[in-house]
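What follows is a set of notes on a single structure, which appears directly below.
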Amino acid sequence: MDEQQSTRSAWPDPPNYYKRYTSDNLQLLKQSKRSGIFPEQPINKPPVPEFQLEALEPPLPPTDDYTVFDQKWQINDRLPTLQELGVKQIYPEDSIGKQTQAMDVCQQFDRTTIDRVQELKKLNRSLIVQYLDLLDVLEKNPSEYGKHIENISTILLNMHHILNAYRPHQARETLRLLMEHQLAKKRQQTAELKA
């Protein structure tokens, strides 16, 4: 990709190599693919920086992750476990969830054995206690605040992980409500047209 071209723009210009795809160059590529022999000399028609004919071949589709506007996205969008993120898991593990890794996230969530609402309440109470302990330590011995900050961070990350497990359900419910709203709107418009 051209170094001068900005990839951080909301609407970036198309990459400069689109100018290579002329009908002459595509015809030459088709002939080279049929014969199996690609020319060794670089091509410079139309007036663009020189390139090899093989560069006109589309890239292979991504298999693991891809980058769009400098942000990495995963092909298989799944919630990583806390262990994969390097965070200590405080709440009990999901026994059924571990057995069904290949299962869809929504189905996996429906079959969980822990009560996530109760776990969130417990973690919230622990967070409040840790915060009060931190305030106490900051008052008496401010140099020992590190351990309490780390505990608070671990509790918050565990809470976020439990909440992120609800995201597929939230998306499904939002889509359902949106479709119901659209259906009601169309029925209302149909009734107005009939009247």
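The values are calculated or read from the model by the stated rules, or taken from the named source; none is laboratory data. Please read these numbers as outputs of a predicted model, since none were measured by experiment. All Cβ positions, even for glycine, are placed from backbone atoms using ideal geometry, and neighbour counts span all protein chains on display. Areas reflect the complete protein model, heavy atoms only, side chains present, ligands, DNA and RNA absent. Shrake-Rupley method; radii C 1.70, N 1.55, O 1.52, S 1.80 Å.
Assorted remarks:
- For the range 81-100, residues that are part of a loop (DSSP other than H, G, I, E, B), farther than 16 Å from residue 156 by Cβ and at pLDDT 80 or above total 2.
- Within the range 51-75, if we keep just the residues that are among the charged types (D, E, K, R) and surrounded by fewer than 10 Cβ atoms within 10 Å (Cβ to Cβ), the residue that is farthest from residue 15 (Cα to Cα) turns out to be 64.
- A Cβ distance below 8 Å, combined with a sequence gap of six or more or placement on separate chains, defines the contacts here; from the range 62-76, residues that are at positive phi reach residues that are in a loop (DSSP other than H, G, I, E, B) and basic (Lys, Arg) in the pairs 69/8; 70/8.
- Being aliphatic (A, V, I, L, M), open to solvent by 40 Å² or more (accessible area, probe 1.4 Å) and modelled with pLDDT of 95 or more is true of residue 175.
- Residue match in the range 54-64 (condition: within 27 Å of residue 157 (Cβ to Cβ), at pLDDT 80 or above and assigned to a loop (DSSP other than H, G, I, E, B)): yes
- Which numbered condition residue 151 misses (of (1) among the polar types (S, T, N, Q); (2) surrounded by 12 or more Cβ atoms within 10 Å (Cβ to Cβ); (3) at pLDDT below 90; (4) part of a helix (DSSP H, G or I)): (3)
- Residues in the range 113-148 that are of a type in the set (Val, Ile, Thr) and in a helix (DSSP H, G or I): 117, 128, 129, 137.
- Scanning the range 12-30 for residues that are in a loop (DSSP other than H, G, I, E, B) and either modelled with pLDDT of 80 or more or among the small types (Gly, Ala, Ser) (or both) yields 21, 22.
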